[in-house]
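Quick notes on the structure that follows.
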Amino acid sequence: MNRILQVLHLEDDANDAQLLRLKLEEANIGCIITVVQTRDEFVNALEQTEFDLIVSDFTLPSFDGKSALEIARQKWPDIPFIFVSGTMGEEAAIESMVRGATDYVLKGRLSRLVPATQRALSEVESRRERKRAEVALKESKEKYQSLFERNLSGAFVSTPDGRLLECNPAFVRMFGFDSIEDAKATNISALYSDPEKRRLLLWNVQARKEIEYFEVHMVRKDGALLRIIENVVGKFDNNGELVELTGYMFDDSKRQLLEQQLIQAQKLESLGTLASGIAHDFNNILGIIIGHATLVQRLQLEPDKIADSIKSITTAAQRGAALVRQLLTFARKSDVILQRISLNDLIKEVVSLTRETFPKTVTVSMKLTDKLPAILADSTQIEQVFLNLCVNARDAMPNGGTLSLSTRTISGEKIYARFPQAKASQYVLIEFSDTGTGMDEATRARIFEPFFTTKESGKGTGLGLAVAFGIIHIHQGFIDVSSEPGHGTTFSIYFPVNLEELEPFEIKKEMFGDTEGGTETILLVEDEEMLRSLAKMVLKGKGYNVVTASDGEEAVRMFMLRKNDIALVLSDMGLPKLNGYDVLKQVKHLKPDVKFIIASGYIEPVEKSEILKSGARDFIQKPYVPNEMLRKIREVLDEE
């Protein structure tokens, strides 16, 4: 700072006041601080001195920060007002910001005080500069008008309700109008493809006075879609109400089209790598299933060995399903199902699986913190991340070694420097450390890139870490890696903790025998014969009467014949002749209260929403998991 600042500090604790003074002095901010504790002292100080900054505690014995903010904003609205409090909750902070506070700083995180102060003063200076610019702008109206008309960007002036007051020739050309008069006859709100975007722009301008680089889809007069970037400044009356918007629009359609073409070209270039990796993984899975199925036929008199083969077949099938989920996650086409999960329990399951399947030369150890807080996450996706990291560690130790998994909690402050986006006060840290070959800096820089792999051709898809990164990001977490050639690798994953739900809990596994059955009649519609037979066997094993159909038309015919007996329809989505959605609509016409479940490997979210609106009660994820199928059928049947 180049000048001495006048600071008014509303604070009843002398130690806190001194600590704030030291923080500002450490940052070389020259200031004169006036400390007050009561309402009268606060008002008198403001009336006697021209302050540059107000700093206030939120709760005081005879006064409060909220009232101080109201007084300051009524009489001295341009003075920045920062709350520094140890008792201010998030809701109170947000409310205060809405009421005009410039910022808030927790007493436990005073490191934010200096940047908050600098930013507040900078904003004041920016506002002053803007006011000076507005005065200069009025004085040079003719020059401005010339610039307005010759600007290559679409310039406009409008009212908040969309009435177009002025626009330049570039605006007319951009939206395909015949003339400026033609354009001004159109409400600018009608040019937005999504009306909600217009409302969002107005809200931002009202709150921030201006908005930069606002991306939006707009529509030309002939109906063509434009990708527009807007920069808008608001004009306000003496009451602070937005009365006018001045803005510039840039047509970014061509650049975005070229960008999409480049991304598509890069994906096509990577298909060879992707295809070979997937082919390798699926060939291994099919080899396991075929091999053990052959053994089952030969070992009919040896039940113990048959059980081992069946277990291997099940594990291989689960690997295939996980690979499909991995591809859908990478394509952003897998549903995220958030629930409270115990990471310790999940790690125990993953370690149990790795100990059974990894080479004996690889030792897997755990060091788990007791009473680890639960997190809100999709357990299937988190398990996928953990398995990917374990498999990568195994592959990095071809001659054997140690894989160590550990969990603990860590404060958000400790990781803020590394991850400035870390907003939670507490995180769960999971570390995966191996004694493998390690990585150099060039490899570390690329490991989260899609399709990048250090494995031989056909030995991996290059999606594992890219998918892991995406999943962790979706869960508002972070991933970090440290590694050196010859010294192993450590992956560190941070997940935010919901402080309202700190108690851990156990993941309960449901056995086939635990799932409740019934005696109702179910119409099972599945075109794959072996899947149809399997599902029928599972349902009949639980006491249900099962009627089957192999395509959509047969399903409708069977329902017409037995609609009074059929309590529920379970239908695959991708059927011959009529798909599952068409079957749903036809049977609903025949029996409006029919209970209907759709089974599919993936359904687009928009289509899924339409199916639910049409009367489907639930969805079952394919491949069929018997327990899950039985549970959902029972739940739907028991619905009122």
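The values are calculated or read from the model by the stated rules, or taken from the named source; none is laboratory data. Remember, predicted model here, so these are calculated numbers, not experimental data. In this analysis, Cβ positions are derived from the backbone assuming ideal geometry, glycine residues included, and neighbour counts consider all displayed protein chains. What goes into the accessible areas is simple: the full protein's heavy atoms, side chains included, and nothing from ligands, DNA or RNA. Shrake-Rupley method; radii C 1.70, N 1.55, O 1.52, S 1.80 Å.
Observations on the structure shown:
- The condition (being within 27 Å of ALA396 (Cα to Cα) and either surrounded by fewer than 17 Cβ atoms within 10 Å (Cβ to Cβ) or at pLDDT 70 or above (or both)) is satisfied by just one residue among LEU353, LEU301, LEU323: LEU353.
- Failed criterion for LYS622 (all others in (1) within 23 Å of GLY320 (Cβ to Cβ); (2) surrounded by fewer than 18 Cβ atoms within 10 Å (Cβ to Cβ); (3) among the basic types (Lys, Arg); (4) touching a strand residue (DSSP E or B) at 6+ places or on another chain (Cβ under 7 Å) hold): (2)
- Meeting the requirement of 1 or more residues that are within 21 Å of the chain's Cα centre (by Cα) and of a type outside the set (D, E, K, R), the helices (runs of 4 or more DSSP H) wholly within segment 374-446 are 379-395, 412-416.
- Residue within segment 55-68 that is over 22 Å from ASP13 (Cβ atoms) and either under 40 Å from the mean Cα position of the chain (by Cα) or open to solvent by 20 Å² or more (accessible area, probe 1.4 Å) (or both) present: no
- Selection count where residues are crowded, with 22+ Cβ neighbours inside 10 Å and among the hydroxyl-bearing types (Ser, Thr, Tyr), scope segment 565-609: 1
- When MET174, MET218, MET249 are checked against the criterion of being in a helix (DSSP H, G or I) and open to solvent by less than 40 Å² (accessible area, probe 1.4 Å), a single residue qualifies: MET174.
- Within segment 603-622, the set of residues being under 25 Å from the mean Cα position of the chain (by Cα) and among the polar types (S, T, N, Q) comprises SER609, GLN621.
- Checked against the criterion of being touching a residue at least 12 places away in the same chain (Cβ under 8 Å), farther than 25 Å from GLY108 by Cβ and in a loop (DSSP other than H, G, I, E, B), the candidates PRO77, PRO61 yield just one match: PRO77.
- Residue ID - nearest to the chain's Cα centre (by Cα), chosen from residues in segment 326-348 that are open to solvent by 40 Å² or more (accessible area, probe 1.4 Å) and at pLDDT 75 or above: GLN339
- Count of residues meeting criterion [farther than 18 Å from LEU69 by Cβ and part of a helix (DSSP H, G or I)] in segment 20-44: 6
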